[in-house]
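The values are calculated or read from the model by the stated rules, or taken from the named source; none is laboratory data. What you see is a predicted model, and the numbers here were worked out from it, not measured in a lab. In this analysis, Cβ positions are derived from the backbone assuming ideal geometry, glycine residues included, and neighbour counts consider all displayed protein chains. All accessible areas refer to the heavy atoms of the entire protein, side chains included, with ligands and DNA or RNA removed. Shrake-Rupley method; radii C 1.70, N 1.55, O 1.52, S 1.80 Å.
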Amino acid sequence: MKKVLFLCVANSARSQMAEGLGRHILGPEVEVSSAGSQPSKVNPYAIEAMREVGIDISGHHSKSVDDVNAAAVDLVVTLCADEVCPVLPGRVQRLHWPIQDPATSDPTVSPEQMRDRFRTAREEIRGRITGLAGELARAE
């Protein structure tokens, strides 16, 4: 079984959505997880954005990259854009998908703008995971 780990900083938005989408798109033959270098909590807008496409991540929790067994991971996908991405040491295949963090503490961003930001990130992640599914299928 192939094991894919999605990494970002807080493990609250992009990597959580990627974990949910990855499980949905890649299916049971791929073990999908996520983690972050500074785990916090799953962003409510991420939960809402995923619910809109029929995927429930409300039971997810943020996890630390320090708790990941690097030897058990086949592929690491980092999702950081402007921040410094966490690093998983070891010999592992790596992909970098620079996706802007949809979460912001900017008080001028309205709730609807936040929803749009999360939807945009979700759709970019979904497209990349769909492409990854094709690559994994061809590699078998």
Task: Accessible area of the chain divided out per residue, in Å², using a probe of 1.4 angstrom - done: 52
Task: Proximal aspartates and glutamates to residue 3, defined as alpha-carbon separation beneath 12 angstrom and excluding residues fewer than eight positions away on the same chain - done: 19, 29, 31, 74
TODO: Between 124, 52, 19, find the one with the highest GNM mean-square fluctuation for the chain; connect C-alpha pairs within less than 10 Å.
DONE: 52
Task: MRE, 222 nm, helices only [DSSP H, n ≥ 4, -39500 (n - 2.57), over the chain, to nearest 500] - done: -12000 deg cm²/dmol
TODO: With a bin width of 5 angstrom, please list the P(r) values of the chain as percents of all Cα-Cα pairs, from the 0 bin to the one holding the largest distance.
DONE: 2, 11, 22, 25, 21, 12, 5, 2, 1, 0
TODO: Using Cα positions and a limit of under 16 Å, work out the lysines in reach of residue 41, with same-chain residues fewer than 8 apart set aside.
DONE: 63
Task: Cys with no candidate disulfide partner in the chain (beta-carbon separation under 4.7 Å rule) - done: 8
Task: Segments 95-103, 80-88 sorted - mean Cβ within 10 Å per residue, highest first - done: 95-103, 80-88
Task: Surface share of carbon and sulfur [accessible, 1.4 angstrom probe, percent] for the chain - done: 50
Task: Relative contact order %, segment 29-140, counting alpha carbon pairs below 8 Å whose residues are six or more apart - done: 22
